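> Dropping a structure here in structure tokens format, bear with me for questions.
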Amino acid sequence: MKKITVLGDVMCEPPVFNQAKKADGSFDFMPAYKHLKPLLKDADYVMANLETPLAGEKLEYTYRLVSFNAPDEIAETMKEIGVDFVSTANNHAMDRGDEGLQNTIKALDRIGLDHTGTFVNYRNDMPERIFYKEVGDTKMAIIAYTYGTNYGINKNEPDEKKGNHVNYLRPCTTKLPVGERKYSQEYTDALKLCAEVAGKKPMWEDEVKMRNALHIPQAYADDVLVPKEYEDCLKQVEADYKEARKNADLVFIMPHMGGQFNEKPGAFSEYMSWEFMKMGFDAVLAAHSHTLQKAEYIKKMPCFFSIGNVSMSPFSTYAARETLPEFSVVPHIYVEKGKIKKITFSICKIVEELKGGLTVTGSMYRERCKTMDGDTPVGRITVYPIEKLHEKLNDEQKAELLKELEVIYKRVTGKKFPGIRAEYTL
């Protein structure tokens, strides 16, 4: 059997960016990701979601939340630890506009990472919109789509006249419905005061800081469903699927969708997953919610609704600590003779490591989250497979980790946590 492994959201927020920057202006991301290398070494092909443009320094690297641009070195590090492929269809694909989209694709081609989801010189009939790969005696196809590209924030959309394109699950200018939020008068007054003092409406990050300070949940709704709005996009998904099915044994979709920091999939994600099942996809490998959600079989189709964060700093100002956003699952799909033979997953956790070797986890992590803001210095952000992390913790920290894993495992599988293992069967 051959093993296909999938990582979730690879992000480069300010803490990860700042720790990677060296005195000479170059970047070293290996300290953040080095513990993933042993996890990936046995895989025959590794996929990930690259949730940042590689737009180049001229377009300004990441300096604030929700608007990303990482140095090429982060992708070079992904390749070095064993990643072979990245999806580029996500809500940050247009953070640096059309030029950023083009530069990202050029950088990935230069680095030698396979990719799909965004395109230059796009045509509806071009075969490159579907990525094919032979893994042993199995040929798989990968299709990647996103719910949007933060049009409401950056006002950028691909320049179709130049042939540049993003695969969308709904029209890119659609305003993302976030549901009805009933905030306290205290929060409403705080927003008003900030606007008066600054002379303008607070930025998104500032609103998040205030919600954290007032202990207001950060969850974004995924529950507004307007199927008619998605018809044209789903027709293109189905056309891609049918084309891929002619040429591949297995067809996977990597949709970027879900309510951020929602522990359960919303109506939109559930609807899309059932549509994918009806089309005939062999697996759904979704990301975006920045916290783990359930994984289940939908009519024999394995569906991971959210596999979580690889390197999103849980100490960013908007971290919804109650959802345990520092955890991710890493699906492993074992294939042979054109069929899926079994599916397992590993669990990883992002931690902060302070000087002196102190690892921030459990109650210490929760206390730091309460006082964190964008100006708070943080230790080194590192992601660990849980069995490796468990080995380095003291007894108190191990007990806290096990309690967190009980919550995570139950959320993902609906079952009781069986203990620390390298892989779990779905």
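The values are calculated or read from the model by the stated rules, or taken from the named source; none is laboratory data. Please read all numbers here as calculations on a predicted model, not as lab measurements. As a convention, Cβ positions derive from the backbone with ideal geometry for all residues, glycine included, and neighbour counts pool all protein chains shown. Only protein heavy atoms, including side chains, enter the accessible area calculation; ligands, DNA and RNA are left aside. Shrake-Rupley method; radii C 1.70, N 1.55, O 1.52, S 1.80 Å.
> Filter the range 183-211 down to the residues that are under 31 Å from the mean Cα position of the chain (by Cα) and among the polar types (S, T, N, Q), then identify the one that is modelled with the highest pLDDT.
The qualifying residue modelled with the highest pLDDT is THR188.
> Additional query: Name the residue that is least open to solvent (accessible area, probe 1.4 Å), counting only residues in the range 26-50 that are closer than 25 Å to LEU101 by Cα and part of a loop (DSSP other than H, G, I, E, B).
Among those that are closer than 25 Å to LEU101 by Cα and part of a loop (DSSP other than H, G, I, E, B), it is PHE29.
> Only residues in the range 331-347 that are within 26 Å of GLY419 (Cβ to Cβ) count as the first member; pair them with residues that are open to solvent by 30 Å² or more (accessible area, probe 1.4 Å) and among the acidic types (Asp, Glu), Cβ under 6 angstrom, at least 6 apart or cross-chain, and list the lot.
THR344/GLU423; SER346/GLU423
> Considering only the range 51-168, give the helices (runs of 4 or more DSSP H) lying wholly within it that have at least 3 residues that are closer than 30 Å to ALA267 by Cβ.
Qualifying helices (runs of 4 or more DSSP H): 151-154.
> Residues of the range 270-299 being among the charged types (D, E, K, R) and open to solvent by 40 Å² or more (accessible area, probe 1.4 Å), which ones?
Matches in the range 270-299: GLU270, LYS278, LYS294, GLU296, LYS299.
> Now, a different point. If ARG245 satisfies all but one of (1) part of a helix (DSSP H, G or I); (2) within 23 Å of SER306 (Cα to Cα), what's the number of the condition it fails?
(2)
> Within the range 328-367, restricting attention to residues that are at pLDDT 95 or above and aromatic (Phe, Trp, Tyr), which residue is least open to solvent (accessible area, probe 1.4 Å)?
Looking at residues that are at pLDDT 95 or above and aromatic (Phe, Trp, Tyr), I get PHE345.
> Given (1) out of contact with any Ser or Thr (no Cβ under 6 Å at 6 or more places or on another chain); (2) at pLDDT below 95; (3) closer than 30 Å to SER313 by Cα, identify the lone condition not met by GLY258.
Here GLY258 meets the rest and fails (1).
> Can you tell me which residues in the range 328-349 are within 15 Å of THR138 (Cα to Cα), of a type in the set (D, E, K, R) and in a strand (DSSP E or B)?
GLU336, LYS339, LYS341, LYS342
> From the residues in the range 68-88 that are touching a strand residue (DSSP E or B) at 6+ places or on another chain (Cβ under 6 Å) and within 18 Å of MET312 (Cα to Cα), which one is surrounded by the most Cβ atoms within 10 Å (Cβ to Cβ)?
SER87
> Now, a different point. In the range 384-426, which residues are open to solvent by 60 Å² or more (accessible area, probe 1.4 Å), of a type in the set (S, T, N, Q) and at pLDDT below 95?
Result: ASN394, single match.
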